[in-house]
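Take a look at the structure set out below.
Just so it is clear, none of the values below were taken in a lab; they were calculated from the coordinates. Every value quoted in this text rests on a predicted model; they were computed, and no experiment measured them. When we count neighbours, we look across all protein chains shown, and the Cβ atoms used for this are built from the backbone with ideal geometry, even at glycine.
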Amino acid sequence: MIILPAIDLKAGQVVRLEQGDFTRKTIYSNDPLAVARQFSDQGAEWLHLVDLDGAAGQGKNFSLIKQIASQTELKLQTGGGVRSQADVANLLQIGVERVVIGTLAVKNPELLQKILIEFGSESILVSLDARQGKIATSGWLEESDQDLVDFAIKIEKLGVKYILYTDIGRDGMLSGPDLIGLGKIKEATDLKVIASGGISSKADLYRLAERNFYGAITGQAIYQNKINLKEILTELGD
């Protein structure tokens with residue numbers, strides 16, 4: 001299973017939010033590049049990098065993402081505010097390995113399909129962020145009426161290969177992943193699923209690995225020293 005440490009960027013800082021609430025923010029570092037290098041030194045091959053300013057429509061941290069891509073050996077999985085083919089192209093051009101698409105996939109599935117055709121399914125990951133089984137968009141500020149599993153089935157038919165599922169209610173809360181929701185997606189599709197939200201311990205990661213999930217993202221647990229990244233990468237890392 002791929003283990004992806006997470007960096008959330010807001011105003012050039014490394015932060016974590018509770019349940020996606022921008023008013024419940026903890027700042028962990030003013031030097032995102034140093035944090036990324038630390039993850040790399042501990043053995044990480046991938047980094048999950050989210051531009052929270054872009055997701056909320058408040059500008060982007062593009063130059064910082066470019067710096068991390070060019071000055072580390074990490075493979076970047078990056079999203080936040082990706083709204084067009086040009087946004088995807090720009091991120092891929094600076095060295096991002098896989099672009100994360102969220103709101104666009106919900107609001108404009110036709111454009112999502114065009115992006116998949118143009119850039120290939122290996123370069124695209126769709127983020128399914130949900131509250132109580134319903135998809136949320138726009139940096140989790142808006143809710144839709146789309147059912148989580150139905151939407152997963154829909155985008156698989158469009159050609160999506162990779163998805164990231166986050167239970168917003170668990171994100172940043174260290175309450176454990178939503179194994180039920182994750183299991184429903186896995187049972188209903190052949191998508192490669194990355195789990196996110198609520199991971200609090202090594203035991204949570206083992207549970208996901210035992211269920212053969214493609215990957216898992218952990219942020220808060222690393223920053224609060226509840227997970228030793230180097231240790232878990234040695235034990236579980238793919």
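So the values come out like this:
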| item | result |
| --- | --- |
| Ranked by how many other beta carbons lie within 10 Å on average, peptides 61-68, 30-37 from highest | 61-68, 30-37 |
| Built amide H within the under 5 Å cut-off of LEU4, gap 5+ | ALA216, ILE217, THR218 |
| Whole-number Å³ per residue for the convex hull built on Cα positions in region 41-87 | 78 |
| Label-point separation, LEU33 to SER201 (7 Å along Cα→Cβ), nm | 3.8 |
| Sorted by Cβ neighbour density within 10 Å, fewest at the top, the residues GLU73, GLU45 | GLU73, GLU45 |
| Extended-chain gain in nm, criterion 0.36 nm per residue less alpha-carbon gap, SER121 and GLN224 | 33.7 nm |
| Gain in span if fully extended, GLU73 to LYS157, counting 0.36 nm per residue against the direct Cα distance | 26.9 nm |
| Cβ-derived FRET efficiency at R0 22 Å, GLU231 paired with PHE62, nearest 0.05 | 0.10 |
| log10 of Debye I(q)/I(0), alpha-carbon scatterers only, for the chain at 0.10 Å⁻¹ | -0.40 |
| The chain, relative contact order [Cα under 8 Å, separation at least 6], % | 21 |
| For region 5-13, Karplus couplings with θ = phi - 60° (6.51, -1.76, 1.60), whole Hz, Gly/Pro x | x, 10, 10, 9, 9, 9, 6, x, 10 |
